Amino acid sequence: MDRRRFLRTCTWGMVGLGLAGCRGQQTAQVMKPGQADMVGSHTAGAETFKPLVQEATARLLAKHSQGIQPASFNQGPLPMKICFVGVENASSEEIGDFKEQIYEAIDSKIVSSGVYQTVSKRFVDAGLAQTRLRPDILFVPQNMRMFSMYMEQTGQPFDYMLFAKITSGTTVSNKDYQRDYVLTLELVNIKTGASDKESAELKKGYNVSAGAKIRAAL
């Protein structure tokens, strides 16, 4: 083996050992209350979804804080009985375990507000499973009747359905890009089909290092 090849082999071997050592040195720490969330370098994370949930839910609650006429048309400003169907991800990113966390965060804020009466997620999931329906096909009239009837039979009637949807739009500039995230909450009256929407938007920039841009151009 010549000297140059020997040195190259040793160098890559040392790099491999160094990387293996780095992998073995991963650490973690408990973040203190009020400490800023980590910012995702490639996709949205807590720094994006938390403020979106806070703002969109606050707007919806503020709009109906004085109560709203339920779909059954009873008199008086009674709390809406709503069925939170789920979170739809229509963004360009996979959101993984954040999908369930977003649902729970919205549901918890709604329950604690006192503005609405809600149907437990366990009943909602059971209803969708038993009727073999997906949230996206509930707007077919016969599907809506089937789901509503099942929920009534289990003692969980409701006046409105609530849907959450995440979307995104991406603007690219020389390998850097900006992504605009929007969380929309939509309330749908099951008797009239009328809908009411509130949303929140957050813009996030993703920057690629100069070295990475040069390597990509080669």
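Could you look through the stretch 32-56, keep only residues that are among the hydrophobic types (A, V, I, L, M, F, W, C) and either exposed (fewer than 15 other Cβ atoms within 10 Å of the Cβ) or modelled with pLDDT under 95 (or both), and pick out the one that is nearest to Leu183 (Cα to Cα)? It comes out as Phe49.
Output the residue which, of all residues in the stretch 121-132 that are at pLDDT 95 or above and either within 26 Å of Thr48 (Cα to Cα) or not charged (D, E, K, R) (or both), is surrounded by the fewest Cβ atoms within 10 Å (Cβ to Cβ). Applying the filter and picking the extreme gives Ala129.
Would you mention how many residues in the stretch 110-160 are closer than 11 Å to Cys83 by Cα, of a type in the set (S, T, N, Q) and in contact with a helix residue (DSSP H, G or I) (Cβ under 7 Å, 6 or more places away or on another chain)? Qualifying residue count for the region: 2. Count of the stretch 129-142 residues, restricted to those that are without any contact (Cβ under 8 Å) to a residue 24 or more places away in the chain and either more than 15 Å from Tyr160 (Cα to Cα) or within 21 Å of the chain's Cα centre (by Cα) (or both), is 9. Scanning the stretch 168-178 for residues that are modelled with pLDDT of 95 or more and not hydroxyl-bearing (Ser, Thr, Tyr) yields one hit, Gly169.
The values are calculated or read from the model by the stated rules, or taken from the named source; none is laboratory data. Predicted, not measured: the structure shown is a model, and the values here were computed from it. Cβ: placed from backbone, ideal geometry, glycine included. Neighbour counts: every protein chain shown.
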